[in-house]
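Asker: Here it is: the structure, laid out below.
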Amino acid sequence: MKDEVLLLLSAIACALGAWAFWRYLDADAIVVLMMLALVSVVADNLRLRRKLRETERRG
């Protein structure tokens, strides 16, 4: 019962967060999503470059 209540509360919190995101950012929401995607791709690229450099040094 406790898990079901916690699951319901977290679903409500996620729904409220999604509503607020789209409600207050309106047309800028797409820009924010694109910026988040760009930042995550750049961060992943940097992480992979470091990993590749470490692998090349060992080999």
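Asker: Taking VAL5 as the residue in question, decide whether it is at pLDDT 95 or above and within 14 Å of the chain's Cα centre (by Cα).
Answerer: Criteria not met by VAL5.
Asker: Could you pull out the residue among ASP3, ASP26 that is on the phi > 0 side of the Ramachandran plot and open to solvent by 100 Å² or more (accessible area, probe 1.4 Å)?
Answerer: Exactly one residue qualifies, and that residue is ASP26.
The values are calculated or read from the model by the stated rules, or taken from the named source; none is laboratory data. Model, not experiment: these values are computed from the prediction. Please note that ligands, DNA and RNA were not included when accessible areas were found on the heavy atoms of the full protein model with its side chains. Shrake-Rupley method; radii C 1.70, N 1.55, O 1.52, S 1.80 Å.
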